[in-house]
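Right, one structure below, let's go through it.
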Amino acid sequence: MTSPDDIGPDEREPEDAGLEAIFRRLIGATGPISVAHYMAEANAHYYNRADPLGAAGDFITAPEISQMFGEMVGLWLADQWQRAGKPALCHYVEFGPGRGTLASDALRAGEQFGFRPKVHLIEGSSRLRQMQKMLIPQATWHDGLDSVPREGPLLIVANEFLDALPVRQVVRAEQGWRERVVVHNGERFMAVAGARPMDTAVPAAMAESEVGTILESCPAASGMAFEIATRLKAQSGAALFIDYGYSAPQTGSTLQAVRAHQKVDPFVDPGLADLTALVDFAQLKQIALAGDVDCLGPVGQGDWLMALGIAERAATLARTQPSQAQALMTALDRLVSPDQMGTLFKVLAYRGPGWPQGEGFGG
């Protein structure tokens, strides 16, 4: 990828130059900034500047690959609603709904079974809100879960949302554990060990790790998950978390950047690439326990979708749309195959009091 130093100021995109300049001034005036601060600001800028999705964008999510993904989510939610007694008032809540494709497909599939919830979309990007209004004009938009009604069960979906929340990193230095921070060396941004001691933030079992070991956490994801668990405990319902991540604790930085469907350096061109990190599903399970709600999974996205009948749905669509048969099979493979999204992407559910065991999780 071209370095910022290889192009002249007239060739730089204004957004790029602006955010890079802001970071350089901030670091010059107040010192290094945390990796979490860098990631949060870069992503806030990124999601407000343009539509990042699709072939012409930087990445593609499961709902954009095929309508079948959203349909399976909608059928799962409708099944939950039916087996919970078809409550007259219930709420569909989606975090980070992108273009609105998932919500549109899920609600259409669920409506066949009488599932017509109130729709609430939690979206921070004004650009994406405008796109969502085209597909789901009946929705209500929110900046967070706190303004979503507190009466009636909640059916919550967070697909590829947690991975974009800022991660905090600590690294084992010679003198002990330090927060990982971003500096500018005169040529580029880079992450280094900061001056602030962080030994008390490290689990005892990891305290004597080798120098260079990195531990990663996501306080924003943990806070959001606990808020969801608390709301489900009070209102009942269920929540689906679908994302790429790991099921057992691990070490090392998982911070990555994607631009034009290619991985790029996360510390080059801040605000012009999508910054993400792997989701810690083991931590999500612990939060469910702390919030006193049941937790199902995680299971691989492929296994979950197959258990819900996505292969049968693909065959039906292929019969009715023979010209699209090959594209449908390609999309199915991408969603469920272990070497595509089937294993790396995982599904985990929270279940509020009195709600049924969700399909696709075994047991």
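Do we have GLY152 as closer than 26 Å to HIS45 by Cβ and either among the charged types (D, E, K, R) or touching a strand residue (DSSP E or B) at 6+ places or on another chain (Cβ under 7 Å) (or both) here?
Details: closer than 26 Å to HIS45 by Cβ: no; either among the charged types (D, E, K, R) or touching a strand residue (DSSP E or B) at 6+ places or on another chain (Cβ under 7 Å) (or both): yes.
So GLY152 fails the test.
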(request) Could you please let me know if GLY98 is buried (at least 19 other Cβ atoms within 10 Å of the Cβ), in a loop (DSSP other than H, G, I, E, B) and at pLDDT below 95? (result) yes
(request) Output the qualifying pairs, or none if there are none: Cβ atoms under 8 angstrom, residues six or more apart or on different chains, first residue in region 224-242 and modelled with pLDDT under 95, second residue surrounded by 16 or more Cβ atoms within 10 Å (Cβ to Cβ). (result) none
(message) Please count how many residues of region 312-321 are surrounded by 15 or more Cβ atoms within 10 Å (Cβ to Cβ) and either touching a residue at least 12 places away in the same chain (Cβ under 8 Å) or outside any helix (DSSP H, G or I) (or both).
(response) 3
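Restricting the search to region 158-210, which residues are at positive phi and surrounded by fewer than 19 Cβ atoms within 10 Å (Cβ to Cβ)? Let's see the steps before the verdict.
Here is the first cut: in region 158-210, the residues at positive phi are 160, 176, 186.
Within region 158-210, GLY176, GLY186 meet the criteria.
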(request) From the list ALA173, ALA229, ALA201, ALA164, pick out the single residue that is touching a helix residue (DSSP H, G or I) at 6+ places or on another chain (Cβ under 9 Å), of a type in the set (Gly, Ala, Ser) and more than 25 Å from LEU19 (Cα to Cα). (result) ALA229
(request) Sort out for me the strands (runs of 3 or more DSSP E) sitting completely within region 210-272 that have 3 or more residues that are among the aliphatic types (A, V, I, L, M), in the same structural domain as TYR38 (by TED's automatic domain parsing) and in contact with a strand residue (DSSP E or B) (Cβ under 7 Å, 6 or more places away or on another chain). (result) 237-246
(message) Quick check on region 161-178. Is at least one of its residues within 30 Å of GLN250 (Cα to Cα), outside any strand (DSSP E or B) and touching a Ser or Thr at 6+ places or on another chain (Cβ under 6 Å)?
(response) yes
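The values are calculated or read from the model by the stated rules, or taken from the named source; none is laboratory data. Because the structure is a prediction, the values reported are computed rather than measured. Quick reminder, even Gly has a Cβ in these numbers, built from the backbone with ideal geometry, and neighbours come from all protein chains shown.
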